[in-house]
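Structure first, commentary second.
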Amino acid sequence: MPFRQALQGIIDKADKAWGELTHQAPEPVPSYNNHPPPPVPTSSKPPLAYQQQYSQPQIYWQPNLHPEAPVSSNFYHEQGQNGWGNNEAQNYIDSPQNSFHSSQGDAVIVRALINHGHPDPAQKFTSARLSSHQTLDRSRGCLSARITAPVARGIWPAFWLLPKDPFKWPEDGEIDIMEAWNGDAVNHTCLHWGHFNGEDWNKHRVLETPIPNISSPVGVRYDFIWDEDETTGGGRLVWLIDGTPIMRAEKPPGTRKMSEFRILINIAVGGNVCQGNMPSDGCYETVVRELAMWDAPPGGWNEFDRAWGYSKDGNTM
């Protein structure tokens, strides 16, 4: 049957072609593991400023608080019994009884010793006023400390900033970070660049914050952040207490560069703000731990605008 033979021939040829096709060697698959991926183009990397903005804050200064290290290695003792412009009663001296490092090496301590019955007037009310050798040293950064402050009638502890000597007060500026007085557990966050008179009423920024645990042994964390344009002299300042933004202020024109400010730690006795009250005999201590200067605030500079927006403007006087 010629037709059936012809059809079978076609089927046989088709089977042969299909077999040859299915038995061909597969084409090689390219490997993606033998070579490293190409580098990321420079143009697609974040700019350096962005990388710095989001990097973790780094400490650029902290004092040596070893128990055997003298306080004078970090601070200069400002001394005297001259009222200090506020009718204060204390005599600031450099005795190791009034300023020293903790035995654990984790704190600098300022102590006021009150003895109304001492026969020597210079020894009735002794205290210390420490001024850091180190300045803020940068146009922007963050100063932080954990502080346990005394609360008692007639006692006036402070952790604050003044420009390095020589300076002109108040025009060059004063920054108060921790300040409480006369038994009130209230912190006075302040910026001053004018006198305490009616004419300079707008040259002060002040905000009061009740801190019930201000004397807690654990301490309260205080942060002061500054960001200054050294070309114009302008800038922004923010104060935080235990991580919460409290007060903000524009840097006043004409005040000294932020890099030139130094730290002061002291306990005054009596004085105008204590309204004539004096403390009872005893020992009153300010304990400063975790003292450090950072190149950025907590959370980095990306958090600064948020802290600024959350803070309140200080009041005038």
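Readers should treat all values here as calculations from the given coordinates under stated rules, not as data from a laboratory. Keep in mind that what you see is a predicted model, and the values were worked out from it rather than measured. With ideal geometry, Cβ positions are generated from the backbone for all residues, glycine too; neighbour counts draw on all protein chains shown.
From the alpha carbon centroid of the range 106-139 to that of the range 178-238 is 20 Å. Cβ-Cβ distance of N197 and S102, R₀ of 45 Å, FRET efficiency by 1/(1 + (r/R0)^6): the value works out to about 0.65. The protection proxy used here, the mean number of other Cβ atoms lying within 10 Å of each residue, ranks peptides 194-204, 169-179 as follows, highest first: 169-179, 194-204.
With the convex hull of the Cα atoms taken as the outline of the range 57-313, the averaged projected area works out to 13.4 nm². Near P212: Cβ cut-off under 14 Å, other residues only, Lys/Arg at +1 and Asp/Glu at -1. The net charge is -3. Applying Stokes-Einstein at 25 °C and 0.890 mPa s to the Kirkwood radius of the range 81-151, computed over alpha-carbon pairs, gives a translational diffusion coefficient of 169 µm² s⁻¹.
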